[in-house]
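A short worksheet on the structure shown next.
The values are calculated or read from the model by the stated rules, or taken from the named source; none is laboratory data. This structure is a prediction, so every number in the text was calculated from the model and none was measured. When we count neighbours, we look across all protein chains shown, and the Cβ atoms used for this are built from the backbone with ideal geometry, even at glycine. Side chains are part of the model used for accessible areas, which takes the heavy atoms of the whole protein and leaves out ligands, DNA and RNA. Shrake-Rupley method; radii C 1.70, N 1.55, O 1.52, S 1.80 Å.
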Amino acid sequence: MVRVLIADDQSLVRAGFKVLIGSDPELEVVGEAATGAEAVKLARETLADVVLMDIRMPEMDGLEATRRIVGDEDLAGVKVLVLTTFEVDDYVFEALRAGASGFLVKDTEPADLLRAIKTVAAGESLLSPGATRALVGRFLSQPEPKVAAPDRLTALTDREREVLALVASGMSNDEIAEHLFVSPLTAKTHVSRAMVKLGARDRAQLVVIAYESGVVRPGPGAG
C-alpha cells in the first residue's frame, strides 16, 4: 500500500485527487494539506510515501516545502511529486533542484497520475521528454546558471558520462539500451551507478547535474 499526502490550496482539487487515489486498491490517502507549512508538518506526522505537491500555496509555497521535506533526514523515504498547471512553470526547475522526484501537469489523465504515484514511490523519477525540455528551458532562463565543479564528474566512467548525457536528453532506460546496443538491465545499472557517484536522488537530479556541469548543452531549439 502506497501512502499519499495531498498538498494543494484548493479544496475541490484535493477532493478530486482523494477520490481518484482512493479508487486504486494499492494507494491510500493519509493526509491533506492546504499550505506548504501543513504539508511539511503532515509529512513528518504521517511519513507518507509520496507527497503530491502543488507549487503555489499560501504561507509557504511548494518549492520551500519540498526543500524542507527532502532536507529532513527523518523523511528520507518520503518522495515529492510536483503538480503544476503548466509544464513550463517557472518553479519546476527549482523544485527538481530542491529534490522533487518529478512533476506532472494537473490535467494529466487519471490513470497516468495513479501510475506516476506508484513510479515515484518505487524510487524512480518521473521526467518525460517534454518535461525535460521544460527543465532545460528553465535552466537557460537563469541569469547566471551555476556550473558544477568539474571534478564532480571525475568519478564517472566514459560510458557513465555518455549515459548521463542520454538521461539529460529525456531518454528512458529502454531507449538508452537501444541507443547503446546493450540490455535494459545494463542501461539501468549505468544510470544507477551514475546516480550513486554523483549523489543524485533520481533521474531528475541527474538531468540538473548534466546541464549544470556542461556534460550536455541545449541545442538552439531548446526550451
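General remarks:
- 10 Å-binned pair-distance histogram of region 18-59 (Cα, whole percent): 28, 51, 20, 1
- Total formal charge among the other residues, if their Cβ is under 9 angstrom from that of GLU160, Lys/Arg +1 and Asp/Glu -1: +2
- Charge context of LEU75, other residues only, Cβ under 12 angstrom, K/R +1, D/E -1: 0
- Accessible surface calculations at 1.4 Å, restricted to protein heavy atoms, place region 1-63 at 46 Å² per residue.
- Accessible-area ranking of SER183, SER101, largest first, probe 1.4 Å: SER183, SER101
- Entries in LYS18/LYS106; LYS79/LYS188; LYS79/LYS118; LYS18/LYS118 that, when Cα-Cα distance is taken, lie over 18 Å: LYS79/LYS188
- Given R0 = 22 Å, the distance between the Cβ atoms of ARG152 and ASP174 translates into a calculated FRET efficiency of 0.20.
- Efficiency of FRET from Cβ geometry, THR85 and MET1, R₀ 30 Å, rounded to 0.05: 0.55
- Whole-percent carbon and sulfur share, accessible surface of region 1-48, 1.4 Å: 55
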